[in-house]
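Remarks on the structure that follows.
The values are calculated or read from the model by the stated rules, or taken from the named source; none is laboratory data. Since this is a predicted model, take the numbers as computed values, not measurements. Neighbour counts run over all protein chains shown; Cβ positions are idealised from the backbone, glycine included. These accessible areas exclude ligands, DNA and RNA; they are computed on the full protein's heavy atoms, side chains included. Shrake-Rupley method; radii C 1.70, N 1.55, O 1.52, S 1.80 Å.
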Amino acid sequence: MARPEPFVHITPDEQLDDLRRRLRATRWNDAPEDAVWSIGADSGYLRELVDYWVDEFDWRQRELELNALPRFRASLDGLGIHFVHARAVEGSPAPVPLILTHGWPDSFWRYAKVLALLTDPASHGGDPADAFDVVVPDLPGFGYSDRPRIPALNAAEVAALWSRLMTALGYPRYGAVGGDIGSSVSRFLALDFPEQVVAVHRMDAGLPAGTAELGDLSEDERRWIKEATRWVGAEGAYAAMHRTKPQTAAVGLTDSPAGLAAWIVEKMRAWSDCGGDVESVFSKDDLLTNVTVYWMTATISSSMRMYRANAAIPVEQYARRVEVPTGYSLFRGDIVRPPHAWLHRTSNAVYITEPPRGGHFAPYEQPELYAEELRNFFRPYRNHT
């Protein structure tokens, strides 16, 4: 890996001007009366959000806040990877390093609120002995990381990159953490690099890739699979598009910021623990910071293509059991939470909790609660580095 270089991103004025011009020129779709969010993004809310984006949202301030994080770029085999590398406050006893991997539709943004809680717990009412060094990369093709030269890397290939990244940063042993796609990346880190990964923490678990192993499933597991199948039928059209023909939708999403906001914000509402009111957990500034990262980096297309790459992972890879100690925090508002029996079947599950608040984006929705989950889980493994 080439030596990491500090990274600060300043958006050119003309790019901001172009964004506002496109927003003002949005050609709005019609909407049936009282549809609200029942058949997709609510046009009324999106109009309100776009007006705020044009007239009140201060990207310069949000960019300043993101640039205040210890951000770096480094080249791995010619692929530029952007990451935050936040070290534990000076004097912390042997801080265990963690690599935190995000999913879709987000970026390193997912962990922005939790970094200080993990690196300096004493300043936030925690035990200084629970401090971590933290590495938060953008997946290839997401955020400020380069797009792969091939259409996309899959989760196992990204895990191999992260293994090299952590070694190059001086961490021969570390904990792997993730949700969504990041959960799969963390799983492959534990499967393929068990000599490096001291423990792995996930917010979810994968479904069976085939049906051959379904005969001995418990009733809870069977019920969960039926519920997951129902969810895919009702809510999974976005993923089918990503897996099959991502370039088709990407044309409109790359050209229209209002369309991009619809594609992303609808999922942030549906997958968070917000009770239908997205602004109960995300302010407009929060929502638009995430969306604007996608807009300014033009990464919606490359991020979607990772679904296609992951769908091509050989089915036998999903039958492998994770033997590295594994913890799960199954947040109340997340998507189709797996039963405990499945977690024990597929991994060496030594820690399972069901926090009472939080959803798919728990590190951003409930940063204090999420940080406490990581502290509790990794405490027994701090001396294994």
- Item | Linear extension gain, D55 paired with A25, 0.36 nm per residue minus alpha-carbon span | 9.4 nm
- Checking the stretch 253-352 for trypsin sites (Lys or Arg not before Pro) in a loop per DSSP with at most 13 other beta-carbon atoms within 10 Å yields R321
- In nm, the gap between the two label points placed 7 Å beyond Cα toward Cβ at L16 and V89 is 3.3 nm
- What number of lysine-lysine pairs in the chain show an alpha-carbon separation below 22 angstrom, given a sequence spacing of 8 or more or placement on distinct chains? 5
- Can you tell me how much longer the chain between V350 and N376 gets when fully stretched, taken as 0.36 nm per residue apart minus their C-alpha distance, in nm with one decimal? 8.2 nm
- Message: Could you give me D for the chain, from Stokes-Einstein at 20 °C and 1.002 mPa s, where the hydrodynamic radius is the Kirkwood radius over C-alpha pairs? Units µm² s⁻¹, please.
- Response: 100 µm²/s
- Query: When the Karplus curve 6.51 cos²θ - 1.76 cosθ + 1.60 is applied with θ = phi - 60°, which whole-Hz ³J(HN,Hα) does each residue of the stretch 158-173 get, with x for Gly and Pro?
  - Reply: 5, 4, 5, 5, 5, 4, 5, 4, 5, 4, 5, 7, x, 10, x, 9
- Using the Cα centre as the reference, give the magnitude of the dipole from point charges on the C-beta atoms of the chain (Lys, Arg: +1; Asp, Glu: -1; all else neutral), rounded to the nearest 20 debye. 1060 debye
- Message: Could you report the chain's accessible area per residue, 1.4 Å probe, as an integer in Å²?
- Response: 42 Å²
- Formal net charge of residues neighbouring F282 (Cβ-Cβ distance under 9 Å; K, R +1; D, E -1): -2
- Message: Contact order normalised by length for the chain, with contacts defined as Cα pairs under 8 Å and 6 or more residues apart; what percent is it?
- Response: 20 percent
- Each residue of the stretch 335-346 in turn: what ³J(HN,Hα) in whole Hz from Karplus with 6.51, -1.76, 1.60 and θ = phi - 60°, glycine and Pro shown as x? 7, 6, 6, x, x, 4, 4, 5, 5, 5, 5, 9
- Karplus-derived 3J(HN,Hα), 6.51/-1.76/1.60, for each residue of the stretch 258-266, Hz, glycine and proline x: 5, x, 4, 4, 4, 5, 8, 5, 4
- Residues whose modelled amide H sits under 5 Å from the amide H of G80, counting only those 5 or more places away in sequence or on another chain, are D146
- Where Lys and Arg each count +1 and Asp and Glu each count -1, what net charge lies around R357 among other residues with Cβ under 9 Å from its Cβ? -1
- Note on the structure: To the nearest 20 debye, the stretch 71-224 has a Cα-centred charge dipole, built from +1 on Lys and Arg Cβ and -1 on Asp and Glu Cβ, of 540 debye
- Task: Sum -39500 (n - 2.57) across every DSSP H segment of at least 4 residues in the chain, then divide by the residue count to get the 222 nm mean residue ellipticity, nearest 500.
- Result: -13000 deg cm²/dmol
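Can you give the extra length, in nm with one decimal, that the chain gains between E219 and E33 once fully stretched, where that is 0.36 nm per residue apart less the Cα-Cα distance?
62.8 nm
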- Report F142's accessible area, 1.4 Å probe, all protein chains in place, as a number in Å² to the nearest 10. 0 Å²
- Within the stretch 1-99, which chymotrypsin sites (Phe, Trp or Tyr not before Pro) sit in a loop by DSSP and count at most 10 neighbouring Cβ atoms inside 10 Å? W28
- Query: Which net charge results when you count Lys and Arg as +1 and Asp and Glu as -1 among the other residues whose beta-carbon is under 10 Å from that of V322?
  - Reply: +3
